[in-house]
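Enquirer: Quick one: the structure is below, questions incoming.
The values are calculated or read from the model by the stated rules, or taken from the named source; none is laboratory data. Not measured: the values here are computed from a predicted model. Reconstructed Cβ throughout: ideal geometry from the backbone, glycine too, with neighbour counts over all protein chains shown. Surface accessibility is based on the protein's heavy atoms, side chains included, excluding ligands, DNA and RNA. Shrake-Rupley method; radii C 1.70, N 1.55, O 1.52, S 1.80 Å.
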Amino acid sequence: MGGYRYEGPDETVSARRTAACVFAKRRGRVTTKEIGPMSEQDQMNALAAQLPIGAHALHGVLSGGQPEPEHVALLAAAHIHTVLDLRLPEEERGYDEAATVAHAGMEYLNIPVGPAGPDDAAYDKAREVLRDAGRRPILIHCKSANRVGAVVLPYLILDEGHSEAEAVEIATAAGLKVPALRESALAYVARHRG
């Protein structure tokens, strides 16, 4: 099975779901060249590298900051199923993200989370989305990926069984930076442990 690679001085790489293709974006154009197969992990890591503040800290889950329309095209080419936007409706995106994502053939979801952090309803809904394997691969984003790490943290502990230390490490890799959001997520966990 063949693949693609771009080689050039300004190269940046992202990946497609099939092991056959890696895209490179240079000066606003996507170009491709043949290479060998890539693992799913390598494909997701390559795609994360294309996203603002992108990371691939959890299987089938990309995290990042606000994507631009060209990122949406890359996500669609990579067969991402869902884009979960954690930004408030009044936060400026610069384009109609919901329409752009839908037009690209992906599901768009919005769970509004303010900069102060998620409430229990937002944590509950995010856990529900993360538990649904049919929505993966998924991009979860806000403006800076900080809120992404916050909503992922309870899922990691309550649904995947990670220790608190492991979950904090993964959530930090996914974008969690603000201690108050970490404490909010851990307080949610404490209230919902069975």
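Enquirer: Conditions: (1) out of contact with any Pro (no Cβ under 8 Å at 6 or more places or on another chain); (2) open to solvent by less than 10 Å² (accessible area, probe 1.4 Å); (3) modelled with pLDDT under 95. V113 meets all but one. Number of the miss?
Expert: (3)
Enquirer: E90 - would you say it is assigned to a loop (DSSP other than H, G, I, E, B), open to solvent by 60 Å² or more (accessible area, probe 1.4 Å) and closer than 19 Å to G65 by Cα? Let's see the steps before the verdict.
Expert: Working: assigned to a loop (DSSP other than H, G, I, E, B): yes; open to solvent by 60 Å² or more (accessible area, probe 1.4 Å): yes; closer than 19 Å to G65 by Cα: yes.
It is true that E90 is assigned to a loop (DSSP other than H, G, I, E, B), open to solvent by 60 Å² or more (accessible area, probe 1.4 Å) and closer than 19 Å to G65 by Cα.
Enquirer: Is it fair to say A55 is within 21 Å of L153 (Cα to Cα), touching a strand residue (DSSP E or B) at 6+ places or on another chain (Cβ under 6 Å), buried (at least 20 other Cβ atoms within 10 Å of the Cβ) and not charged (D, E, K, R)?
Expert: Numbers: within 21 Å of L153 (Cα to Cα): yes; touching a strand residue (DSSP E or B) at 6+ places or on another chain (Cβ under 6 Å): yes; buried (at least 20 other Cβ atoms within 10 Å of the Cβ): yes; not charged (D, E, K, R): yes.
Considered against the rule, which asks whether it is within 21 Å of L153 (Cα to Cα), touching a strand residue (DSSP E or B) at 6+ places or on another chain (Cβ under 6 Å), buried (at least 20 other Cβ atoms within 10 Å of the Cβ) and not charged (D, E, K, R), A55 comes out as yes.
Enquirer: Report whether or not A46 is modelled with pLDDT under 95 and part of a strand (DSSP E or B).
Expert: Working: modelled with pLDDT under 95: yes; part of a strand (DSSP E or B): no.
Answer is no for this residue.
Enquirer: Taking the residues in region 58-84 that are in a loop (DSSP other than H, G, I, E, B) and surrounded by 22 or more Cβ atoms within 10 Å (Cβ to Cβ) as candidates, determine which candidate is modelled with the lowest pLDDT.
Expert: As a first pass, look at region 58-84 and keep what is in a loop (DSSP other than H, G, I, E, B): 59-60, 65-68, 78-81.
Checking which are surrounded by 22 or more Cβ atoms within 10 Å (Cβ to Cβ) leaves us with 67, 78, 80.
Numbers: P67: 97, A78: 93, I80: 97.
Only one residue tops the list, namely A78.
Enquirer: Which one of these is on the phi < 0 side of the Ramachandran plot and free of Cβ contacts under 8 Å to residues at least 12 places away in the same chain: H162, H141, H71?
Expert: Numbers: H141 fails: free of Cβ contacts under 8 Å to residues at least 12 places away in the same chain; H71 fails: free of Cβ contacts under 8 Å to residues at least 12 places away in the same chain.
Answer to the check: H162.
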